[in-house]
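The block underneath contains the structure these notes are about, expressed in structure tokens.
The values are calculated or read from the model by the stated rules, or taken from the named source; none is laboratory data. Keep in mind that what you see is a predicted model, and the values were worked out from it rather than measured. Positions of Cβ are backbone-derived with ideal geometry, glycine not excepted, and every protein chain shown enters the neighbour counts.
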Amino acid sequence: MPVAPITNIILQGQPVDVLRLELAYPELQGNKHFKLKYNLQRMIREGYKTVLTFGGVFSNHIHATAVACHALGIRSVGVFRGENDPNNPTLQHVRNLGMECIFIDRSLYRKRNDPSFAESLAAQFEQTYVLPEGGTNTLAIKGCTEILSGLETAYDLVVCAVGTGGTLSGLINTPGLTAEVLGISALKSEKDVLSPAVLANVSEEAAVVQWQILFDNSIGGYGAYHEELMSYIRAFEQTHTMLPDPIYTAKMFFVVEKLIKAQQYQGKRILCIHTGGLQGWAGWNYRYHTQMRIP
Ligand SMILES: *Cc1c(COP(=O)(O)O)cnc(C)c1O
């Protein structure tokens, strides 16, 4: 049994399946459910009391952490890059869920991966479990090896959106996977620093899996507004009655259509993963004065 419903859609004349993680875990932002699962299990088992993590003020990862901690009755702390904005809907939501919010300036935020800096923040709270920005660590990747459960041999190509590459790493490490895995980066890139990071996470058993990360610099940088992408999203929702998120999955579908149009994947069985992120529309509407209705 797949972990979420699958919808078949036609992109550029080609049938494509979509694994709808946004439907199975609407509150926990699709892939974030898998990334948090083993981390939260471990922190509870080992008696931690607080989760502290890092991110931008619209971060899906921070939002998911706040949701999960609220549901489990665990104290949560978000350390944000930038300034407090009481009207930011993501910040409002995580605060309503009881998350304590700390704002640090960009230069200090650069130290987020420095263990002594994280420890000094953690020491301000009780028994604190620190999750890195984006939530990617060994246990997060382990969780993501379960996303393709039951689908290990069903496709020739599996496509997912990439932020830190944690989800992609987990997909590649799926036991028994026969498909090729394609990651579409949400970040623009002149220099690919993601592929070496993913490669370092690939297990020995998964060394045979073919995978690749693509960057598309034509539709703006991470979280940037781009009119062509916005029109694409509106048309996509109309046609397929499925809403991508504005940061990750919209770019994924956009790039997949380009590739299909270039006749790269004729006859292949393709699965695209809708990794969720729909909470991001609230922040997007606020930032860019759009009026996307969130399902
Ligand atoms: C966080 C997120 C991603 C990226 O996941 P990584 O493991 O950081 O690569 C992809 N899609 C959505 C919707 C997300 O919220």
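The residues of segment 242-287 that are away from the ligand (no atom under 15 Å from the Cβ), under 21 Å from the mean Cα position of the chain (by Cα), surrounded by fewer than 20 Cβ atoms within 10 Å (Cβ to Cβ) and of a type outside the set (Asp, Glu), listed by number, are ASN285, TYR286, ARG287.
If you go through segment 204-227 and keep only what is in contact with a helix residue (DSSP H, G or I) (Cβ under 6 Å, 6 or more places away or on another chain) and surrounded by fewer than 16 Cβ atoms within 10 Å (Cβ to Cβ), you end up with just TYR225.
Quick check: is even one residue across segment 180-187 more than 16 Å from the ligand (Cβ to nearest atom) and either touching a Gly at 6+ places or on another chain (Cβ under 8 Å) or at pLDDT 95 or above (or both)? Taking every residue of segment 180-187 in turn, at least one turns out to be more than 16 Å from the ligand (Cβ to nearest atom) and either touching a Gly at 6+ places or on another chain (Cβ under 8 Å) or at pLDDT 95 or above (or both). If only residues of segment 149-177 that are part of a loop (DSSP other than H, G, I, E, B) and in contact (Cβ under 8 Å) with a residue 60 or more places away in the chain are counted, the one that is surrounded by the fewest Cβ atoms within 10 Å (Cβ to Cβ) is GLY150. Filtered by the rule that a residue be part of a loop (DSSP other than H, G, I, E, B), farther than 12 Å from LEU52 by Cβ and out of contact with any helix residue (DSSP H, G or I) (no Cβ under 8 Å at 6 or more places or on another chain), segment 82-139 gives GLU83, ASP105, ASP114. Each residue in segment 248-284 was checked for being outside any helix (DSSP H, G or I) and on the phi < 0 side of the Ramachandran plot, and 15 of them qualify. In this structure, does CYS101 turn out to be buried (at least 20 other Cβ atoms within 10 Å of the Cβ) and away from the ligand (no atom under 16 Å from the Cβ)? Against the criterion (buried (at least 20 other Cβ atoms within 10 Å of the Cβ) and away from the ligand (no atom under 16 Å from the Cβ)), CYS101 does not qualify. The condition of being within 10 Å of the ligand (Cβ to nearest atom) and not hydrophobic (A, V, I, L, M, F, W, C) holds for only one of GLY163, GLY176, GLY150, that being GLY163.
Taking the numbered list (1) within 30 Å of LEU148 (Cβ to Cβ); (2) at pLDDT below 95; (3) away from the ligand (no atom under 13 Å from the Cβ) in turn, GLU83 passes all entries but (1).
Of the residues screened, ILE294 is one that is touching a residue at least 12 places away in the same chain (Cβ under 8 Å) and surrounded by fewer than 18 Cβ atoms within 10 Å (Cβ to Cβ).
For the structure I just gave you, tell me whether GLY135 is within 16 Å of the ligand (Cβ to nearest atom) and closer than 30 Å to THR174 by Cα. Yes.
Restricting attention to segment 107-143, the residues that are over 27 Å from ALA186 (Cα atoms), surrounded by 17 or more Cβ atoms within 10 Å (Cβ to Cβ) and small (Gly, Ala, Ser) add up to 1.
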